[in-house]
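A.B. asks: First the structure, which I've put down as structure tokens, then a few questions once you've had a look.
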Amino acid sequence: MHEAIDLELEKKEIRNRYRSLLRSAKYPLTKEEKKVIRKAFNLAIDAHKDQRRKSGEPYIYHPIAVAQIVAKDIGLGPISIACALLHDVVEDSDYTLEDIERLFGEKVARIIDGLTKISGVFDQNVSMQAENFRKMLLTLSDDVRVILIKLSDRLHNMQTLESMAPHKRRKIASETLYIYAPLAHRLGLYSIKTELEDLGLKYTEPEVYEDIEQKLNDSKQERVRYIQQFSGPIRKALNKELLYYTIKGRPKSIYSIRKKTLKQGISFDEVYDKFAIRIIINSSPDQEKSDCWKVYSIITDYYKPNPDRLRDWISTPRANGYESLHTTVMGPKGHWVEVQIRSERMDEVAEVGYAAHWRYKDTGASSNARQRESQLEGWISKIRDLLENPEASAIDFIDDFKLNLFADEVFVFTPNGDLRTLPKGATALDFAFDIHSEVGARCLGAKVNAKLVPLSYQLKSGDQVEILTSGKQKPKEDWMNFVVTAKAKTRIKNALKEEKKWIAEDGKEILIRKLKHLKIQFNEKVLNELHRYFGVQNSQEVFYQVGTGIIDNKRLKAFATDRNGGIYNYLKSRFTRRSGSSLRSVQEPQKDRKGDILVFGDDEEQLEYKLSKCCDPISGDDVFGFLTINEGIKVHRLDCPNAIRLQSNYAYRILKARWVSSDRRDFLAILTIKGIDRAGLVNELTKIISNTMKVNIRSLNISGVDGVFDGNITVVIHDTHHLEQLIERIKRIDGVTDIKRSLKK
Ligand code: MN
């Protein structure tokens, strides 16, 4: 009956752990909240009742522990706690997602679904590309809580990795180092990141880990004594200033010491900053910055700072929210010592990331559950931004996974003998970008082991690489074919984009000049015609293609011919009721059943048209006009089965079309205008009114005396909104000081 006793003991232990979980919530839970958590706990107990972990412990210990990390270390609320308790239920028991939804609602079900899918992906397809990894995280977790719970799950699995088979340990640990630790870092979950890294090292390189751990232990006494010696005078000075503070001497994490020895090729003893002194001050938000600098000045009164090592993340916090003031000073016995200065608030942000921001906004007991929920939403959306952020760093760090996860690394040397680590398959050009993005951009060639090699040369471990640069060199399109590092790819892509912009700017000037030769005045309208005619994506692309010569003189000439005598105009004139003169003065607009009018092009001209039989458009449908050879303009619906084919093959024969209400009648408005007279002003004024704003001028009357002018313009306008737009635009003309609508008729 040993077993019976054990089970009783276990039950008691489970209850204890559960109570401790409830206590670790960051704020007092309401009755409702407790009920949800309790319900999740009961379900998890039932789902896992016959399961045990590899260690022999009841399985339920695991979800409780994960929930505890979620609550205590990350500071998430009751929904996340419940989800953490449920995170393995669907995967490991007969309960389905539908059960979860029925019992806990849609929100919880969605989170659990995300969690189940993520572990599914990891189990089957280990060599998944990192790009996909990022996409997957974002799509599977439209709720970022999925990622946070997954991180907590991973942390607990790492904490209990000992009981796994050795080969599994290695796989899980490397995955942790390559994916989860950087992710935690990115999210600002500093202490989780550090723990993941240390545990990752422990199981990938156990000897190295134990060696450093041992050495840190052996030197502990000495370290403590040194920290006391260092902080003695500082304490006195701070006390004098009546500042409230704590001073901690924190050893660097084992993982970061390891990284340093590798990166700088030095031994444990040579790592001078094995610990940092952290001074945390108790200061109000409006005082904290100046208090931090006060502490800085006190420290530098006693110890000489290294000016190169001042890091001010107080004025400009890091992307992940980290705020702190770092300096490295020359301490007693000639040792450099890193000192971190921050307020209690900043310290909490540093430890648990954005969660702390929102907790600080929380006024504690007075805030109700809904407020807390909305704060959490705010935090979560911030994290989403970080993950979605298309700026390089966010993509870089995920992209790097792809390279590191299952490929080996190569170790190469600079001419000075510095060691650089690159992913296997990296080329000489990757190396250049790794040194510096400018070196990469200007890279002309490379010497490997003193021999000239092509930029696409794949590096081998032990190679010594020298990069040759030239000020005239620029990133090339084909470079993309052989670089593999995210950094090089990003930089090249950006440079090419930049280059394209320049070409387009040149192209624009060339285009204007060439059009002038062809007697075409460059304007918005012509540009639209060009982009339709050449079937390119947008007007920027027109400029670019002119700049590179893809659109050359011959093609521009063809455009001009087509435009003047070609199909475009031919059709337009042939099928316009009153050809020639003003298209605007159509007397009897062609109306559809409901009385709406169809207008074409950017000028919203009324042209004769036929409704196509294939899709039978009616008033209000999204439509476009298509210039046919024999039947004039045929109007199709945008979703017509033929639309795609027509639009892609005959882009230049497509006319924009739009239904407008027939009670939109034109009316006359008189504008009075005043300003400072200058040459070309009237010209510019009329150009803007008729070309840019597409407004017809009925009459224009302007006179100037002694350098000032005034006058009035009568324009034909659709409505007051249209008129306001026109006035706004005219106001921006250089010299115009006053413009308004005249009241007289
Ligand atoms: Mn789990």
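A.B. asks: Given the pairs LYS474/LYS500; LYS476/LYS501; LYS150/LYS252; LYS26/LYS252, which span a C-alpha to C-alpha distance of over 22 angstrom in this model?
C.D. replies: Violating the 22 Å limit, Cα to Cα: LYS150/LYS252; LYS26/LYS252.
A.B. asks: Over 29 Å between Cα atoms, which of LYS168/LYS487; LYS54/LYS215; LYS497/LYS694; LYS107/LYS489; LYS220/LYS333 qualify?
C.D. replies: Pairs exceeding 29 Å: LYS168/LYS487; LYS54/LYS215; LYS497/LYS694; LYS107/LYS489.
A.B. asks: Moving to a separate point now. Students sometimes get this wrong: rank ARG258, ARG110 by accessible area, probe 1.4 Å, all chains present, largest first.
C.D. replies: Listed by decreasing accessible area, they come as ARG110, ARG258.
A.B. asks: Run the reach check for LYS31 against lysines, Cα to Cα strictly under 18 Å, same-chain hits fewer than 8 apart removed. What comes back?
C.D. replies: LYS39
A.B. asks: Same structure again: So if I take the centroid of the Cα atoms in the range 10-78 and the same for the range 283-314, what is the distance between those two points in Å?
C.D. replies: If we compute the Cα centre of each part, the gap is 42 Å.
A.B. asks: I want to check the label-to-label distance for SER267 and GLU10. Put each point 7 Å from Cα in the C-beta direction and report it in nm to one decimal.
C.D. replies: Each label point lies 7 Å from its Cα, and together they span 5.0 nm.
A.B. asks: Tell me which lysines have Cα within less than 16 Å of LYS11's Cα, excluding those fewer than 8 residues away on the same chain?
C.D. replies: LYS49
A.B. asks: Note down the accessible area of CYS640, probe 1.4 Å, to the nearest 10 Å².
C.D. replies: About 10 Å², ignoring ligands and nucleic acids.
A.B. asks: Given the whole protein assembly as supplied and a 1.4 Å probe, what does the accessible area of PHE230 come to in Å², nearest 10?
C.D. replies: 0
A.B. asks: What is the gain in length, in nm to one decimal, between ASN701 and ASP639 on full extension, counting 0.36 nm per residue of separation less the C-alpha to C-alpha distance?
C.D. replies: Roughly 17.5 nm would be gained on extension.
A.B. asks: How far, in nm, would the chain grow between ALA165 and THR300 when pulled straight, counting 0.36 nm per residue and subtracting the alpha carbon separation?
C.D. replies: 43.4 nm
A.B. asks: Would you kindly give the portion of the calculated P(r) for the range 166-270 that falls above 18 Å, as a percent of all Cα pairs?
C.D. replies: Looking at the range 166-270, the distances longer than 18 Å represent 61 percent of pairs.
The values are calculated or read from the model by the stated rules, or taken from the named source; none is laboratory data. A quick note: this is a predicted structure, and the numbers were derived from the prediction, not measured. Reconstructed Cβ throughout: ideal geometry from the backbone, glycine too, with neighbour counts over all protein chains shown. These accessible areas exclude ligands, DNA and RNA; they are computed on the full protein's heavy atoms, side chains included. Shrake-Rupley method; radii C 1.70, N 1.55, O 1.52, S 1.80 Å.
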